[in-house]
Amino acid sequence: MFELVVNGAFEAAHRLVDYPGKCNRLHGHSWTVEMSVIGNKLDKIGMVADFKTLKAMLMEVLDDMDHQYLNELEAFKEINPTAENLAQYIYNTLKQNEIFNGTVKLNYIKVWESPKSAVIYREDV
């Protein structure tokens with residue numbers, strides 16, 4: 001089994017409604033997102049998937065959140081844009097890509113809201 005990992009980043013603000021602390025206030029993060037895919041079959045040139053393709057897929061999702069107030073995005077109108085909810089949203093958005101209909105599977109999404117705090121979201125693969 002091979003695991004490929006690509007990273008992306010975006011800047012965005014949010015607030016956590018009903019949170020009993022400072023995160024209830026509007027604040028921002030320099031978010032980092034790691035995408036892991038797995039596969040056991042190499043193509044004719046020896047790759048599970050092209051890093052360039054994976055990075056473009058990830059950045060397409062992240063670009064929609066870059067320099068946004070996350071609470072105003074449709075995906076987060078009813079739920080708080082926590083790192084957990086961001087990871088699940090990114091995962092669910094990416095897994096719809098046709099590259100994951102074959103031998104390549106989305107393994108996990110890891111969202112860092114700071115250099116010391118991150119969350120991983122995965123489903124059974």
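The values are calculated or read from the model by the stated rules, or taken from the named source; none is laboratory data. Since this is a predicted model, take the numbers as computed values, not measurements. In this analysis, Cβ positions are derived from the backbone assuming ideal geometry, glycine residues included, and neighbour counts consider all displayed protein chains.
When each of Met1, Met35 is tested for being surrounded by fewer than 14 Cβ atoms within 10 Å (Cβ to Cβ), touching a residue at least 12 places away in the same chain (Cβ under 8 Å) and either in contact with a Gly (Cβ under 9 Å, 6 or more places away or on another chain) or closer than 16 Å to Thr103 by Cα (or both), the lone residue that passes is Met1.
Lys110 passes every criterion in (1) surrounded by 19 or more Cβ atoms within 10 Å (Cβ to Cβ); (2) basic (Lys, Arg); (3) out of contact with any strand residue (DSSP E or B) (no Cβ under 9 Å at 6 or more places or on another chain) apart from (3).
Residues that are farther than 17 Å from Glu11 by Cα and of a type in the set (S, T, N, Q) within segment 100-117 comprise Asn101, Thr103, Asn107, listed in sequence order. Scanning segment 45-98 for residues that are over 26 Å from Glu3 (Cα atoms) and assigned to a helix (DSSP H, G or I) yields a count of 6. Within segment 52-72, can you find the residues that are within 24 Å of Ser36 (Cβ to Cβ) and without any contact (Cβ under 8 Å) to a residue 40 or more places away in the chain? Hits for segment 52-72 are Lys52, Ala56, Glu60, Val61, Asp64.
Per-residue answers, yes or no, for (1) in contact with a Leu (Cβ under 8 Å, 6 or more places away or on another chain); (2) within 25 Å of Asp124 (Cα to Cα); (3) polar (S, T, N, Q):
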site	(1), (2), (3)
Gly28	no, no, no
Val37	yes, yes, no
Asp43	no, yes, no
Met47	no, yes, no
Thr53	no, yes, yes
Met59	no, yes, no
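Residues in segment 14-45 that are under 16 Å from the mean Cα position of the chain (by Cα), closer than 16 Å to Leu70 by Cβ and of a type in the set (A, V, I, L, M): 1 in all.
Identify the residue in segment 4-32 that is at pLDDT 95 or above and among the polar types (S, T, N, Q) and, among all such residues, is surrounded by the most Cβ atoms within 10 Å (Cβ to Cβ). That would be Thr32.
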